[in-house]
1. Keeping to segment 342-367, report how many residues are in a helix (DSSP H, G or I), under 16 Å from Phe122 (Cβ atoms) and either modelled with pLDDT of 75 or more or aromatic (Phe, Trp, Tyr) (or both).
2. Taking Phe25 as meeting all but one of (1) over 26 Å from Arg206 (Cβ atoms); (2) more than 17 Å from the chain's Cα centre (by Cα), write down the number of the exception.
3. Quick check on this structure: which one of Gly426, Gly391 is at pLDDT 85 or above and either part of a loop (DSSP other than H, G, I, E, B) or closer than 30 Å to Asp291 by Cβ (or both)?
4. Take Leu178 and tell me if it is surrounded by fewer than 21 Cβ atoms within 10 Å (Cβ to Cβ), under 22 Å from Ile276 (Cα atoms), in contact with a helix residue (DSSP H, G or I) (Cβ under 7 Å, 6 or more places away or on another chain) and hydrophobic (A, V, I, L, M, F, W, C).
5. If the requirement is being hydroxyl-bearing (Ser, Thr, Tyr) and out of contact with any Gly (no Cβ under 7 Å at 6 or more places or on another chain), which of these qualifies: Ser301, Ser352?
6. Look through segment 60-75, keep the residues that are among the β-branched types (Val, Ile, Thr) and surrounded by fewer than 22 Cβ atoms within 10 Å (Cβ to Cβ), and return whichever of them is modelled with the highest pLDDT.
7. From Ser35, Ser49, Ser31, Ser14, grab the single residue that is crowded, with 16+ Cβ neighbours inside 10 Å, among the small types (Gly, Ala, Ser), under 20 Å from Leu395 (Cβ atoms) and out of contact with any Gly (no Cβ under 8 Å at 6 or more places or on another chain).
8. More than 19 Å from the chain's Cα centre (by Cα), within 18 Å of Ala244 (Cβ to Cβ) and either modelled with pLDDT of 85 or more or assigned to a helix (DSSP H, G or I) (or both): is that true of Gly158 in this structure?
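The values are calculated or read from the model by the stated rules, or taken from the named source; none is laboratory data. Quick caveat, the model's predicted, so the values are computed rather than measured. Here the Cβ positions follow ideal geometry from the backbone for every residue, glycine too, while neighbour counts run over all protein chains shown.
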Amino acid sequence: MITEQNVPRRAIVSWVLYDLANTIFSMGVVSLYFSLFVRNEVGTDRADSTYGLISAISMGLIFVLSPVLGAMTDRARRRMPFLVGATLICVIATALIGTGSFALSVALFILANAAYQAGVQFYDSLLPEVTHAGNRGRISGIGVGVGYLGSYLAVGAGFLVSPDNHQALFGLLAGAFLLFAIPCFLFVHERGNPSPRPVFSLAAVRDSLRETIRTMRATQEYPGLARFLVGRVFYTDAINTVIAYMGLYTVNVALATGLTAEAGRAQAQLVLMSAITFSVAGGFVWGRAVDRVGPKRTLESVLMLWIVVFALAAAVGAFAWPIIWLYVVAALAGVALGGIWSADRPYMLHLSPPARIGEFYGLYGMVGRFSAITGPLLWAAIVYVAIEWNGLTPLTGQALAIVSLLVMIIVGYTILRRIQIPSPLGATQGIQPRR
């Protein structure tokens, strides 16, 4: 068992820095600049549906691979090489966006986002290597809080380099991602798998697929795990989708208030910066709440806050409220963002047996990726029908899409309310299966 005394401080700091690194990609590429890049290429009316389709394809790829990769990491001697490989693929693909045709940039984004998502899965499964039962929520919350500082760097890149200079912008984001990821590669040391098995062979892939199927069936053996994963589909669907589209939404709100497209992009950056500021504080506060009251109660409180966020966000677009209201939404969303991942990761770890962390984090990632497929597709479909079939404005179509996300948050919250876990604090030994 890991104790507070034998977790090296530099290992904790390095693990936290990777959260900052991958947030640079998440905020800079996924949430802001690539969606605006698509908007410039296809126009305002088609931006949501086109970006939704691109995102869904990318997440569909990792959805298929996620549980298999998780099972493979449980077979390997160490998980770190998987994290290094996924990060390098993401960095290289990101750096090449904007260097060729639009079709090439789309293909590179699909590859980069899939690799990023795989890396997050490997990174999350390293949490037990840098924490113990008494500080897991706090360290996870620190990771989230410091991670959102990476969003400042991501948004700030658009002030250092013109968003229209795509090659330089995406190259800068890729370089920053790699720079802050390197300490994790060097200083987070795993205890390792004492009984490694072959990983990169056809037989190993077949075995991993069989293990994945067994894992999906085994969720019923662990109290609350299956219900948590189902609930996670709904709330991550809503949250990941709004993160992906908040840049486009802000621009359309700005245009509705009479600002130019260029001024709208500037407002989008400022709104995101506001959300980031509150996300940093939210990560620290909610992380401590996890250690005090447990991941379940914390996550439920965060989801209640998300319900308020989505209701306000929909009202801004539906009633054409002044853009100042988006800053209120951004502040509340930032606090909620800091909380969702601070509670979500320890909750999953609490429900997972230690010998099968890679497998179950594969399923954890799988449901998150499934929601990241369905969310953008649902958003794209609603906006397409609203604009193309009914002649509504892009902003009104987006407001209707946000209402659908509000419903998903409510469903996810309802599902999680019925989970019963034996203790409020995640334990390193995990929960034992039913006999």
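1. Residues in segment 342-367 being in a helix (DSSP H, G or I), under 16 Å from Phe122 (Cβ atoms) and either modelled with pLDDT of 75 or more or aromatic (Phe, Trp, Tyr) (or both): 8 in total.
2. (2)
3. Details: Gly426 fails: at pLDDT 85 or above.
None of the other options fit; the residue is Gly391.
4. On the way: surrounded by fewer than 21 Cβ atoms within 10 Å (Cβ to Cβ): yes; under 22 Å from Ile276 (Cα atoms): yes; in contact with a helix residue (DSSP H, G or I) (Cβ under 7 Å, 6 or more places away or on another chain): yes; hydrophobic (A, V, I, L, M, F, W, C): yes.
In short, yes.
5. Values: Ser352 fails: out of contact with any Gly (no Cβ under 7 Å at 6 or more places or on another chain).
Selected residue: Ser301, the only one of Ser301, Ser352 that is hydroxyl-bearing (Ser, Thr, Tyr) and out of contact with any Gly (no Cβ under 7 Å at 6 or more places or on another chain).
6. Val64
7. Working: Ser35 fails: out of contact with any Gly (no Cβ under 8 Å at 6 or more places or on another chain); Ser31 fails: out of contact with any Gly (no Cβ under 8 Å at 6 or more places or on another chain); Ser14 fails: under 20 Å from Leu395 (Cβ atoms).
Selected residue: Ser49, the only one of Ser35, Ser49, Ser31, Ser14 that is crowded, with 16+ Cβ neighbours inside 10 Å, among the small types (Gly, Ala, Ser), under 20 Å from Leu395 (Cβ atoms) and out of contact with any Gly (no Cβ under 8 Å at 6 or more places or on another chain).
8. So Gly158 fits the description; yes.
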